[in-house]
Amino acid sequence: MFATRKGAAKLSLAVVVALIVLKVVVGVITGSISVLAQAVDSFLDLFAIAITFFAVVVASRPADEEHPFGHGKVENMAAVVQAVLIFTAGGLIIYAAIRRIMTGTALELTEAGIGVMLVSIAVSIFLSKYLLRVSRATDSLALEANAHNIAADVYSAAGVLVGLVIIRFAKLIIIDPIIALLVSLVIFKSAYEVLRKSFGGLIDVKLPEAEENIIRAAIMEHVGELVDFHALRTRKAGRQRYVDLHLVMPRSISIEKAHQMCDHLEQDIKSKLQHASVVIHVEPCDEKCERCSIPPDLRQDEL
């Protein structure tokens, strides 16, 4: 049920809503700015998850007349919005922490804060790992960004937990806003990683070198049947990969055989790279036979 992109988004939505309610209640009771900062972070997670759910629904739509390349970039756009929300969460935490340092307000019932942070850490670890696993299985950038977003909560909650424990036993109230400031640095790092990766798809960064090597290897398996290839271009939108290249075939080969080769390569690349769209442009060789990879006895096939 939750193994799909939509199912995983629904699960994360339910979990984050429960954590928000729990953190707000305990934050108000204890007066801890770090616990309330965690609640704010989770509240922004709620917006991020809503955006993720919308993105995976839209990105799942097939290509149409108005969007011939599909809707995959919606996921990249959702990831950018999530990164902005994570940056916002970090900024709010810094603001609240500085105010606490200036006012020096005391904390109460730190045990309740410690308890809710333990629950938050356990739940966030489970949810982030699950979302990351589903994102890899479905190749969803939006879910991956959501997983990193939730993972940031784990580190920040752990920092808050340590701070509350110190306050409970050492009575060092100043630790609460200091921990909150440190937590914000972790959040900013997570936001940067999400933003960097999501922008790559929006500006058509090529596929990773390992994936391009898979494409090259698939072509070179037929080195005795084709002459060469060039102008390899790749990009990715959401989970959809786009590949186009120029394939150089012997000048004497028939159109039918050239077409069969293109069909074979297209299916071969698609079998090795998920969600790939492949376009191949065929060119005749320039008859410079000294560098031709085609055996001499195969160069004079009748048209």
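Computed from the coordinates by the stated procedures, all read-outs in this text should not be read as laboratory data. Note that the coordinates shown come from a computational prediction; the quantities given were computed from them, not determined experimentally. Cβ coordinates were reconstructed from backbone atoms using ideal geometry, including for glycine residues, and neighbour counts include every protein chain displayed.
Structure note, pairs 10/206; 206/270; 10/189; 129/236; 6/129: Cα-Cα distances above 22 angstrom occur for 10/206; 10/189; 129/236. Simple spin-label estimate for residue 28 and residue 281 gives 6.4 nm between the two label positions (7 Å along the Cα-to-Cβ direction from each Cα).
So, counting K/R as plus one and D/E as minus one, what does the shell of residues with Cβ under 13 Å around residue 120 add up to? Net of charged neighbours comes to -2. Amide H contacts for residue 241 (H built 1.01 Å from N in the peptide plane; partners 5 or more residues away or on another chain; cut-off under 5 Å): 276, 277.
By other beta-carbon atoms within 10 Å, ranking 29, 121 with the fewest at the front produces 29, 121.
Test of understanding: what is the full-extension gain from residue 214 to residue 251, defined as 0.36 nm times their sequence separation minus their Cα-Cα distance?
Stretched fully, the residue 214-residue 251 segment lengthens by 10.6 nm.
How much of the DSSP beta bridge set in segment 209-298 is antiparallel, as a percent to the nearest 5? That works out to approximately 45 percent antiparallel.
All alpha carbon pair distances within segment 124-278 were sorted into 10 Å bins beginning at 0; the resulting P(r) in whole percents reads 10, 27, 21, 16, 12, 8, 4, 2, 0. This ranking places 229, 188 by how few other beta-carbon atoms lie within 10 Å of each, fewest first, which gives 188, 229.
Pull out a ≥ b ≥ c, the square roots of the eigenvalues of the alpha-carbon gyration tensor of segment 97-196, then state rounded if a/c is under 1.5, prolate if not and a/b is larger than b/c, and oblate in the remaining case.
Taking the square roots of the gyration eigenvalues as a ≥ b ≥ c, segment 97-196 is oblate.
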